[in-house]
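The structure appears below as structure tokens.
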Amino acid sequence: MDTRQTIDTFIEFYRSRGHERITGSSLLTSPDDPVLFTSAGMHPLTPYLEGTRPHPSARRLVNNQRCLRTTDLDEVGDPTHLTVFEMLGSWSLGDYPHSDSLRWGHELLVDGFGLDPGRLHVTVFGGDDEVPPDTGSIEVWSDLGVPIELTIEDNWWSNGPVGPCGPDSEIFVWTGNGPPVGTPTTDPRWVEVWNHVSMRYRRFPDGRLEPLPVSNVDTGMGLERMLTVLQGRRSVFQTDLFRPWTLVLPRLWPGLDLAGERLVLDHLRSGVVVVGDGVRPSNTGRGYVLRRLVRRALTTLWRLDPGISLGDLPDEPVRHTLDHFGQDSLPVVREILVSEERRFRALLERGRTVVSRHRSRNGGPLDDGDFHYLHDTHGLPRDLVVSLLNEG
């Protein structure tokens, strides 16, 4: 299945079971939200999952939500981590039990997506001092013939230290050659594709755990990871969703190693989406995240060739990403990327002088305090300073 077929199959499956499709919101959270970007599919639905008010559309919901996480920036470059990604989600707001969600999930994976049931494995909450084992999920998976591994921390979902939480079932697919072996916690060839949360508790600031007024179900499937499985790929970057970028970048900027190529692809693509949602580069907040993405990509490219310019990037991959996310800002995106490149190049020139002067004054290798000073005072990120030091 390609990207569009995968999204449509998920959405239509749940619509046929009475779920109302809601429009996935932008990456930007509400003004009163302390989180800068939507980081999970359920994030915009938090008030309804907490039971503070009913959702205006329905008690059964389904959508496709774009998300952004900065916590995994240092992991980008491996086969699975992305800065901007998409979550396919389904929810029951006090409507049907968690067991129904698990059975539907199995049905969609096997009958809808055509996965071999013998290549599935699940992990289930095994209980702790506060909450007993999730026997309901154990019974469902046993009845469906899916192997089960019990864990504790790995199968307890929360959106932070306080707020809605509960036990979950994570569904894994075997991606290795030959028959499945081991378990999800013992063999990395088991790849998680879907999480079904039984959201039935609230954690309070004092650590107290109390049942929610109603029990909800929250599921989240990573689109890019699911595409990797469905298309038989070893990396999210090999799927059709990224093909316009992977066809262009190696020819445009040859010489990047695989990790560098993935980082540049991810950061430029993520920057396009962030700009498309209305963010502009700055030194604080969302604008700083955008600036950091662009400058990390440029730092990687300029290690290869200081003369590289983002102005050489063709329209096709940028337009493909904007079209995919329903955005229309190609001229703006190009202008911002090139403008940010000019600013960063000027900073780089100034940085060479600053780093040289600072190193001469200190007379030795730079320590963490030096790196913090150069970043906070002169706006020079650590990886750029290291590059400048290597030049000398």
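The values are calculated or read from the model by the stated rules, or taken from the named source; none is laboratory data. Predicted model only: the values in this text are computed from it and were never measured. Using ideal geometry, Cβ is built from the backbone for each residue, glycine included, and neighbour counts are taken over all protein chains shown. Surface areas here come from the heavy atoms of the whole protein model, side chains and all, with no ligands, DNA or RNA. Shrake-Rupley method; radii C 1.70, N 1.55, O 1.52, S 1.80 Å.
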In the stretch 1-29, which residue that is over 19 Å from the mean Cα position of the chain (by Cα) and without any contact (Cβ under 8 Å) to a residue 24 or more places away in the chain is farthest from Ala58 (Cα to Cα)? Gln5
Is there a residue being surrounded by fewer than 20 Cβ atoms within 10 Å (Cβ to Cβ) and either under 20 Å from Gly77 (Cα atoms) or under 18 Å from the mean Cα position of the chain (by Cα) (or both) anywhere in the stretch 284-297? yes
Quick one: is Arg251 buried (at least 20 other Cβ atoms within 10 Å of the Cβ) and among the basic types (Lys, Arg)? no
Would you check if there is a residue in the stretch 315-323 being surrounded by fewer than 17 Cβ atoms within 10 Å (Cβ to Cβ) and more than 25 Å from Gly255 (Cβ to Cβ)? yes
The condition from (1) part of a loop (DSSP other than H, G, I, E, B); (2) over 24 Å from His43 (Cα atoms) that Thr71 misses is numbered (2)
Selection status of Asp187, assigned to a strand (DSSP E or B) and at pLDDT 95 or above: no
Check whether at least one residue in the stretch 157-166 is free of Cβ contacts under 8 Å to residues at least 12 places away in the same chain, part of a loop (DSSP other than H, G, I, E, B) and within 28 Å of the chain's Cα centre (by Cα), and report yes or no. yes
In the stretch 231-267, the residues that are among the aliphatic types (A, V, I, L, M), closer than 20 Å to Leu304 by Cβ and out of contact with any strand residue (DSSP E or B) (no Cβ under 8 Å at 6 or more places or on another chain): Leu247, Val248, Leu249, Leu252, Leu256, Leu258, Val264, Leu265
Has the stretch 351-366 got any residue that is open to solvent by 60 Å² or more (accessible area, probe 1.4 Å), of a type outside the set (Phe, Trp, Tyr) and under 15 Å from Pro306 (Cβ atoms)? yes
If you go through the stretch 368-375 one residue at a time, do you hit one that is open to solvent by less than 60 Å² (accessible area, probe 1.4 Å), acidic (Asp, Glu) and under 27 Å from the mean Cα position of the chain (by Cα)? no
Of the residues in the stretch 331-350, those that are buried (at least 16 other Cβ atoms within 10 Å of the Cβ) and under 29 Å from the mean Cα position of the chain (by Cα) come to Val333, Arg334, Ile336, Leu337, Glu340, Glu341, Phe344
Test: residue in the stretch 121-134 that is within 24 Å of the chain's Cα centre (by Cα), in contact (Cβ under 8 Å) with a residue 60 or more places away in the chain and more than 22 Å from Gly41 (Cβ to Cβ): yes
Given (1) closer than 18 Å to Leu49 by Cβ; (2) under 27 Å from the mean Cα position of the chain (by Cα); (3) open to solvent by 60 Å² or more (accessible area, probe 1.4 Å), where does Arg189 come up short, assuming only one miss? (1)
